[in-house]
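Asks: First the structure, then my questions, so here it is.
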Amino acid sequence: MTSGAGDELVGELSNVPDAARPMPPALPGTVATRTQAEDLFESLASDLLSHAFNCVREFGDFHLALSGGQTPFPLYRLLMIDPRWRGFPWRRTHLWVVDERRVPFTAPQSNWRQIEELIVEHADIPRDQAHPIEATVPDAAARYEAKLRETLAWREKGHDRLDFVLLGMGDNGHTASLFPHTAVLHERERLVADCDGPTVTPPPRVTMTYPLINGARFIAVLVAGAAKASMLKRVAAGKDTFEELPIMGIKPIGGELRWYLDGPACGNA
Ligand code: 6PG
């Protein structure tokens, strides 16, 4: 990495002392833990910035896919309001959404609505680089996949994959909108697909699939709060299948998997 304002920032933040870092469960990939969720968001924001700069330098742009849920919102706010992340290369970023609920953008359950309100409206990201899933049209998944393939095709072969995917984990072990015992878990060709059925928290969803997520250069899984501690232990025990706990199907092909956990998620109340 060449030196620049962003690089100094990354170095500085990674040296923040946290004497009593929580002991993480033995998860696949690497694990970053911070006692406080606020410090965890800073650590993740710092890694995200570093990846964004590296990709812009190497490829000219940065493909970022964000999740919904509640946990990442403080991270999104931090990226927008904290001066330390003001230099984020939004103008060179393509912003994708990992999954969407089949509701209009005006509905409170819409992931894109939240991402738009928190990020798109405040970042200087060109509108044609902000890619919502139009989840109310019947062929939403096929359209989003076509958009992804067309946009990533501008990259050289081999580099045509997502650079950074941010995932969460539900307390039932789902991730993205990959829910237990659903057909989409067995998808091996399509990059985006529908997900519905008795195990899906309504409304029905459109989601990135394992082949797309696992092909990413970097996968960050953000898990915070005591409600997730027992599920994390179960994932670490490794006895369940990906059909039972879809998060267990997250296995990068040549990329990196890194978990970001706060104290309560590690079982430190
Ligand atoms: C969604 C998400 C989903 C989320 C988990 C965890 O739209 O619901 O993309 O996969 O990441 O449900 O959500 P929390 O981290 O808010 O618990």
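The values are calculated or read from the model by the stated rules, or taken from the named source; none is laboratory data. Note that the structure is a prediction, hence the values are computed from the model and not measured. Ideal geometry is used to build each Cβ from the backbone, glycine not excepted, and the neighbour counts take in all protein chains shown. To get the accessible areas, we keep the full protein, side chains included, count just its heavy atoms, and leave off ligands, DNA and RNA. Shrake-Rupley method; radii C 1.70, N 1.55, O 1.52, S 1.80 Å.
Asks: Find the centroid of the Cα atoms in the range 119-143 and in the range 45-97, then give the distance between the two in whole Å.
Replies: Cα centres, the range 119-143 to the range 45-97: 16 Å.
Asks: Over the Cα atoms of the range 182-269, each weighted equally, I'd like the Debye log10 I(q)/I(0) at q = 0.12, 0.18 Å⁻¹, rounded to two decimals.
Replies: -0.42, -0.94
Asks: Taking the Cα centre of the chain as origin, work out the dipole magnitude from +1 charges on Lys and Arg Cβ and -1 charges on Asp and Glu Cβ, in debye rounded to 20.
Replies: Using Cβ point charges on Lys, Arg, Asp and Glu, the chain gives about 300 debye.
Asks: Could you sort 34-44, 149-159 so that the peptide with the highest average Cβ count within 10 Å comes first and the rest follow in order?
Replies: Working: 34-44: 19.3, 149-159: 11.5.
The most tightly packed comes first, giving 34-44, 149-159.
Asks: Turning to a different aspect of this structure: Identify all lysines with a Cα-Cα distance to Lys157 below 22 Å; exclude those on the same chain that are fewer than 8 residues away in sequence.
Replies: Correct list for Lys157: Lys147, Lys251.
Asks: In the chain, what percent of the accessible surface is made up of carbon and sulfur (1.4 Å probe, ligands and nucleic acids excluded)?
Replies: 53 percent
Asks: If you don't mind, another one. Under 10 Å, Cα contacts only: if you run a Gaussian network model on the chain, which one of Val103, Val206, Val223 comes out with the highest mean-square fluctuation?
Replies: Taking springs between Cα atoms under 10 Å, the residue moving most is Val103.
Asks: What Kirkwood hydrodynamic radius, in Å, does the chain give when the mean of 1/r is taken over all pairs of distinct Cα atoms and then inverted?
Replies: Working: mean 1/r = 0.0533 Å⁻¹.
Hydrodynamic radius (Kirkwood, Cα only) of the chain equals 18.8 Å.
Asks: Provide His122, His131, His174 ordered by accessible surface of protein heavy atoms (probe 1.4 Å), highest first.
Replies: Details: His122 125, His131 10, His174 40 Å².
Largest accessible area first, the residues go His122, His174, His131.
Asks: To continue, here is another question. Just tell me which aspartates and glutamates come within less than 12 Å, Cα to Cα, of Lys228; anything on the same chain fewer than 8 places away is out.
Replies: List returned: Asp171, Asp262.
Asks: What does the accessible area per residue of the range 66-125 come to in Å², with a 1.4 Å probe and no ligands, DNA or RNA counted? Before the final figure, lay out each step's value.
Replies: Details: 2650 Å² over 60 residues.
Roughly 44 Å² per residue, with all protein chains present.
Asks: So who's got an amide H within less than 5 Å of the one on Val192, skipping anything under 5 residues away but keeping other chains? H placed 1.01 Å off N, in plane.
Replies: Those lying under 5 Å, H to H, from Val192 are Thr209.
Asks: Using 0.36 nm times the number of residues separating Arg149 and Ala227, minus their current alpha carbon distance, what extension gain do you get? Working shown, then result.
Replies: Details: separation 78, 0.36 × 78 = 28.08 nm, distance 3.68 nm.
Gain in length upon complete extension: 24.4 nm.
Asks: For every other residue with a beta carbon closer than 14 angstrom to the beta carbon of Val223, add +1 if it is Lys or Arg and -1 if Asp or Glu, then tell me the sum.
Replies: Working: positive: Arg34, Lys228, Lys233, Arg234, Arg258; negative: Asp171, Asp262.
Surrounding charge for Val223 is +3.
Asks: Once you've got the GNM for the chain with C-alpha springs shorter than 10 Å, pick whichever of Ser177, Ser67, Ser110 has the biggest mean-square fluctuation.
Replies: In this elastic network of the chain, the residue with the biggest mean-square fluctuation among Ser177, Ser67, Ser110 is Ser110.
Asks: For Lys251 and His181, calculate 0.36 nm times their separation in residues minus their Cα-Cα distance, and state this gained length in nm to one decimal. Before the final figure, lay out the partial values.
Replies: Values: separation 70, 0.36 × 70 = 25.20 nm, distance 1.80 nm.
Using 0.36 nm per residue and subtracting the Cα-Cα distance, I get 23.4 nm.
Asks: Moving on to the next point. Could you state the number of Å between the C-alpha centres of the range 185-216 and the range 228-269?
Replies: 18 Å
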